[in-house]
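See below for the structure under consideration.
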């Protein structure tokens, strides 16, 4: 009887370590909603201007390298897959596989940013930047297109960097066994963030690269 | 390379547990485990849709391009949200929240365009 009571107390204490995974997830989603509306506002701006200057947008988008855009899309889709797989691996207590997949995700983030660097360098090299020489020969629609292009892909690029940092921190938690197969909500939240970055790119790609 | 490791692990995983991953998910204590295979299929779908959207854009179909691009992007988003972000297995309240957030965005879009169109 006594022993049973002790066991019960012990069990009770273990059960009392407060952890609210559902609340954590909900909090992450609420944050993601603010992100969706942040980018949503920019998409509204884009739509309004595209509606006002259809020819300017088509002319400006002709300078875009669709191939690099498509490659970057594939890179982000694959990185989303690797995050999802990393969670599945940790759920099955495959820590090594999980960390490898997360490193692969970070690597994809780097590859994406390197492509973006080459793209932006190319445009800046052609004189396309705020008050750049190329803007003198452009219509208002083209100038607005490039303004939105740099703002939206730039903000998205920042999110890629934040996402990579987030996953890096999560990796350090996993190495120190602070995130385990039974306690992985933080990893899930990092995954949610990364998928959001992917989601935004899914819309940015056709809107900036595939205009004809 | 990482995909190979994952597939390798999948092979390893199967003999250890007699039940497939999806069935395992139904077990108590393991919250919504999705199999590796599901994720690969979703990824394949996403890649295929990307190929379709690039191809259609290359055909110069005019105004149809934008509509198809947006429809395909929406389908891809649905796949990412449902499977990668695990909303399929999430609580009803979260689904309602996501619905409200998207609804707010649609309302903003509709109001903006009703303004732009009737100026």
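The values are calculated or read from the model by the stated rules, or taken from the named source; none is laboratory data. As the structure is a computational prediction, the values presented were derived from the model and not from experiment. Cβ sites come from the backbone with ideal geometry, for glycine too, and all protein chains shown count toward neighbours.
Key figures
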{"read-out": "Hey, residue A:167 surrounded by 21 or more Cβ atoms within 10 Å (Cβ to Cβ), touching a residue at least 12 places away in the same chain (Cβ under 8 Å) and not in a helix (DSSP H, G or I) or not", "value": "no"}
{"read-out": "Region B:18-36, subset more than 10 Å from every other protein chain (Cβ to nearest Cβ) and either in contact with a helix residue (DSSP H, G or I) (Cβ under 8 Å, 6 or more places away or on another chain) or crowded, with 17+ Cβ neighbours inside 10 Å (or both), residue modelled with the lowest pLDDT", "value": "B:22"}
{"read-out": "Residue, farthest from residue A:86 (Cα to Cα), within region A:181-196, restricted to residues that are surrounded by 23 or more Cβ atoms within 10 Å (Cβ to Cβ) and more than 10 Å from chain B (Cβ to nearest Cβ)", "value": "A:190"}
{"read-out": "Members of region A:117-140 found to be in contact (Cβ under 8 Å) with a residue 24 or more places away in the chain and surrounded by fewer than 13 Cβ atoms within 10 Å (Cβ to Cβ), listed by number", "value": "A:118, A:126, A:140"}
{"read-out": "Scan of region B:76-93 for residues that are surrounded by fewer than 16 Cβ atoms within 10 Å (Cβ to Cβ) and in a helix (DSSP H, G or I), ordered by number", "value": "B:78, B:82, B:88, B:89, B:92, B:93"}
{"read-out": "Residues (more than 13 Å from residue A:199 (Cβ to Cβ) and more than 9 Å from every other protein chain (Cβ to nearest Cβ)) located in region A:23-37", "value": "A:23, A:24, A:27, A:28, A:31, A:34"}
{"read-out": "Region A:202-212: number of residues that are within 10 Å of chain B (Cβ to nearest Cβ) and assigned to a helix (DSSP H, G or I)", "value": "7"}
{"read-out": "Matching option when the condition is more than 10 Å from chain A (Cβ to nearest Cβ), surrounded by fewer than 12 Cβ atoms within 10 Å (Cβ to Cβ) and in a helix (DSSP H, G or I), among B:103, B:111", "value": "B:103"}
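A quick yes/no check of all residues on (1) over 12 Å from residue A:206 (Cα atoms); (2) modelled with pLDDT under 95:
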position	(1), (2)
B:41	yes, no
B:44	yes, no
B:48	yes, no
B:53	no, yes
B:58	no, yes
B:61	yes, yes
B:68	no, yes
B:71	no, yes
B:75	yes, no
